[in-house]
Amino acid sequence: MDFTDQRRYDNRVTDPVHLDHDARETVAICTSINAKAPLSVQSEKHSFVKRMESEPGFEEITALPRRLTTPALLDVGRRTWIEQTGKAAISIFHLDSSHTGYAGLVHGGILAALVDEGCAEYSNRGALALYPLTKYLGVEFQKPSPTGGVFIAKVSTSRPFPLTTSGSRKVWVKCEISVLRGKDKVIPVVKASALFILCEKLPQLPSCGEAGDSIENIFTYGGDEPVFDLAPARIASNRWRNLIFIVVASVVELWVSCQR
């Protein structure tokens, strides 16, 4: 991955003079907090930050914060480093009492939003001339996340950088978030996957005159709610496994009845 392109991109988004109308409306694709922004004392002084600053093969991303950080609910003092070939991006951030759901626990919606932010930023770094738009987001909360903790997020994809629309416009990205314990221990708390669609331009928003579903459908209950799994491929795998189990059980039952 050419870091010259990354720096050119950073300069483009931090200088509004060079933004056309569409780009100005999509500064939101940049999620890293500028290095000059105030950071949490806990995360800034953590030894992991010093390690990443000197880690070979990684370079820190500096860009404008997303509008989603105003007010500062998601201004979590995040710093992000990307591996030079684009294999992964690593972030460190701090969540305090302002991000509380239940007492002492981080709100799951905050973590889900940070997952989407991190995955979108990472995808955008690999597709500088495109707009990666979230199509699907699956989040599995493995353990409760304590407020006041320092967190590490790792984002990666199997597709090589740079990302293009050649072959497929779909990009699957996975994200893992862990909370730091001591200097060299982490506890996994979130596992997620996201599907992004690479678009050459932003889609048009629905117009006021566009026909839609009747609002009465909101009050119609259609039965059992669908079950969404973290990865759609796992759903198909489970169906085949259940089918095989039924077939084997039927064969065994038939064999037993013949023995009688």
What is the set of long-range amide H partners of H107 at a cut-off below 5 Å, with H atoms built 1.01 Å from backbone N?
T100, G101
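Which chymotrypsin sites (Phe, Trp or Tyr not before Pro) from the range 73-112 combine a DSSP loop assignment with at most 14 other Cβ atoms within 10 Å? It would help to have the intermediate numbers written out before the result.
Working: sites: W81, F93, Y102; in loops: Y102.
Here the chymotrypsin sites (Phe, Trp or Tyr not before Pro) that fit, given the DSSP loop and packing criteria, are Y102.
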On a 26 Å Cα-Cα criterion, which of the cross-link pairs K50/K135; K50/K170; K174/K201; K143/K170; K50/K154; K135/K183 come out too long?
K50/K135; K50/K170; K143/K170; K135/K183
What are the ³J(HN,Hα) values, in whole Hz, obtained from phi via the Karplus relation 6.51 cos²θ - 1.76 cosθ + 1.60 with θ = phi - 60°, for each residue of the range 151-163 in sequence order, with x given for Gly and Pro?
10, 10, 10, 10, 10, 7, 8, 7, 7, x, 7, x, 7
Give the residue list of trypsin sites (Lys or Arg not before Pro) in the range 158-217 that are DSSP loop and have at most 14 other beta-carbon atoms within 10 angstrom.
K183, K201
What is the set of long-range amide H partners of K135 at a cut-off below 5 Å, with H atoms built 1.01 Å from backbone N?
L195, F196, I197
Take I215 and C258, extend 7 Å from each Cα along the Cα→Cβ direction, and tell me the distance between the two endpoints in nm.
6.4 nm
What GluC sites (Glu not before Pro) does the range 138-203 have in DSSP loop regions with at most 14 other beta carbons within 10 Å?
E200
Residues with amide H under 5 Å of D96's amide H, sequence separation 5 or more or different chain, H placed in the peptide plane at 1.01 Å from N; which?
G148
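Readers should treat all values here as calculations from the given coordinates under stated rules, not as data from a laboratory. The model shown is predicted, which means the values in this text are computed figures rather than measured ones. Note that we place each Cβ from the backbone using ideal geometry, even for glycine, and neighbour counts take in every protein chain shown.
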